[in-house]
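Take a look at the structure set out below.
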Amino acid sequence: MKVLSVVGNRPQFVKSAPLSVALRDGGAAEVVLHTGQHWDRELSQVFFEELDISEPTYRLDLRTADPAAMVAPIGEAVERERPDWVLVYGDTNSTLAGARAARDVPTAHVEAGLRSFDLSMPEEHNRIEVDRLAALLLCPDERSARQLEREGVDGRTEIVGDVMADASRIFAPIARERSGILEQLGVEPGRYIVATVHREANVTQEVRLRRIVEGLTRLAEGEQVVFPAHPRTRSALDQLGLNVPTVAPLGYLELAALASQARVIVTDSGGLQKEAYWYGVPCITLRPSTEWVDTVENGANVLVDDDPDALFSAAKTARFPAAAPALYGDGHAAERITAALYA
C-alpha cells in the first residue's frame, strides 16, 4: 500500500509523526508532501528533525495559505505517485487543498467530524468540505462520528482516537527529560503561564489583538507569562506597537516541555487545547467556540473570546478538575488508522 500524506503546518507535522511510524511498521510506503504553508524553520523543518518524520519527497515551498495555489501541484504529485490513499490532517488550507487535489484517489481524513458550529471560522468550512470529499473518515471520538451520521456523509466512518494523543504519550516525557527550556527562560514548574496566539481572526483584527494583549499584559504584572510568538503574530504586534514580551517560536519538544509544566495555558490553538487536557493543565481559549467541546464540558477549558477581563479572571482562578475523564482515545490511534487504511 502506498499513502501520500499531505502536510503543511505545525499541527500536521506533530499529528503525522506517530502515524508515519505506524505506517512504516505496517509495511506501507509513505510519500510525504509538504505544501510550504508554514516555511519558517521553527514552524516547519525543526519538526522533521525532532520527531523522526519521513523527509518530504515533495517540498512545494509555496509559502502561502491559499488552497487554490496548492491544488495543481498537489494534483501533479498524486498523478505521478498514484497512491492508494491521499491522507490529510485536520482543518487547514493544506488539508482542503489535498482533498480537492486527490481527484479519483480516495482521501482519508484524520480528525473527521469535528465541528465548532462557528461558520465565521475558515477552518469550519474546511472541515465540512473535506468530510464530504473523504472516502475514509477517521474520527477521534463518538461525538464526531455521530455528527457525520447526522450530516449524512458518504464515506466510511471509523472511530480511531486522536493521533495527537499518540504524540503526547510518546513525546511529552521525552521533551521534559531532554529540554532545558525552563532553565533557559528562568521559570519554575507550575509557576508560569504559557500563551500562544496565531489564528488569523485574532492576529489580523486589530481590536481583537489589542484586547487579548491587554489581558495578557495584566496577567504578566503578577505572574510570568511565556509567549512564544508565531512570525505572523510578532509582525502584527510590531505594526501595532504592542509591547507585550514574547520569545521566539519554539520547537515541538521545547513547547511540550514548557506547556506540560505550566500553571495554565492561554491559547487559540485547537491542538494545544487537547494537549493541555492530556497534560492536566487548565486551559483558557481565546475563541468564542471550540471543536473540542468535551474539554469545556468537563471544566478543563474556558472560552473567553477576546475579553481581557474574562481572560484575567479565568486564568487567575484556573484549576484542572480532579475528576476529569480520559478523552480522545488511548494514545494508539496511529495503529488503528493504519489498519483502517488496509481494510
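By how many degrees, 0 to 90 and rounded to 10, does the Cα axis of helix 270-279 deviate from the longest principal axis of the chain?
For 270-279 against the chain, the angle is about 70 degrees.
Which whole-number percentage describes the relative contact order of the stretch 175-249, with Cα contacts under 8 Å and a sequence gap of 6 or more?
About 33 percent, as a whole number.
Report the full-extension gain for the segment GLU188 to HIS125: residue separation times 0.36 nm, less the Cα-Cα distance, to one decimal in nm.
Stretched out fully, the GLU188 to HIS125 stretch lengthens by 18.6 nm.
Can you work out the base-10 log of I(q)/I(0) for the stretch 169-317 at q = 0.19 1/Å, using the Debye formula on its C-alpha atoms alone?
Listed by q, the Debye log ratios stand at -1.17.
Which of the chymotrypsin sites (Phe, Trp or Tyr not before Pro) across the stretch 108-202 are loop residues per DSSP, with 13 or fewer other Cβ within 10 Å?
Loop-located and lightly packed - PHE117.
So which aspartates and glutamates pass the test for LYS274, namely a Cα distance under 14 Å, with those fewer than 8 places away in the same chain ruled out?
Straight-line reach from LYS274, under 14 Å: GLU111, ASP141, ASP162, ASP166, GLU291, ASP294, GLU297, ASP330.
Restricting to DSSP H runs of at least four residues, report the calculated mean residue ellipticity at 222 nm for the chain, -39500 (n - 2.57) per run over all residues, nearest 500 deg cm²/dmol.
-14000 deg cm²/dmol
Treating each Cα of the chain as an identical point scatterer and ignoring solvent, apply the Debye formula and state log10 I(q)/I(0) at q = 0.13, 0.15 Å⁻¹.
Once normalised to I(0) and log-transformed, intensities are -0.97, -1.31.
Angle check, please: helix 163-178 long axis (alpha carbons) against the longest principal axis of the chain (alpha carbons), in degrees 0 to 90, nearest 10.
On a 0 to 90 degree scale, this one is about 50.
What is the angle, in °, between the Cα long axis of helix 308-317 and the longest principal axis of the Cα atoms in the chain? Nearest 10 is fine, range 0 to 90.
It works out to around 90 degrees.
Would you please put 139-152, 302-315, 263-276 in order of how densely packed they are, using the mean number of other Cβ atoms within 10 angstrom per residue and starting with the highest?
263-276, 302-315, 139-152
Based on the alpha-carbon set only, what is the convex hull volume of the stretch 148-228 divided per residue, in Å³?
In the stretch 148-228, the Cα hull volume divided by residue count equals 180 Å³.
No value in this document is a laboratory result; all are computed from the given coordinates. Note that the coordinates shown come from a computational prediction; the quantities given were computed from them, not determined experimentally. Ideal geometry is used to build each Cβ from the backbone, glycine not excepted, and the neighbour counts take in all protein chains shown.
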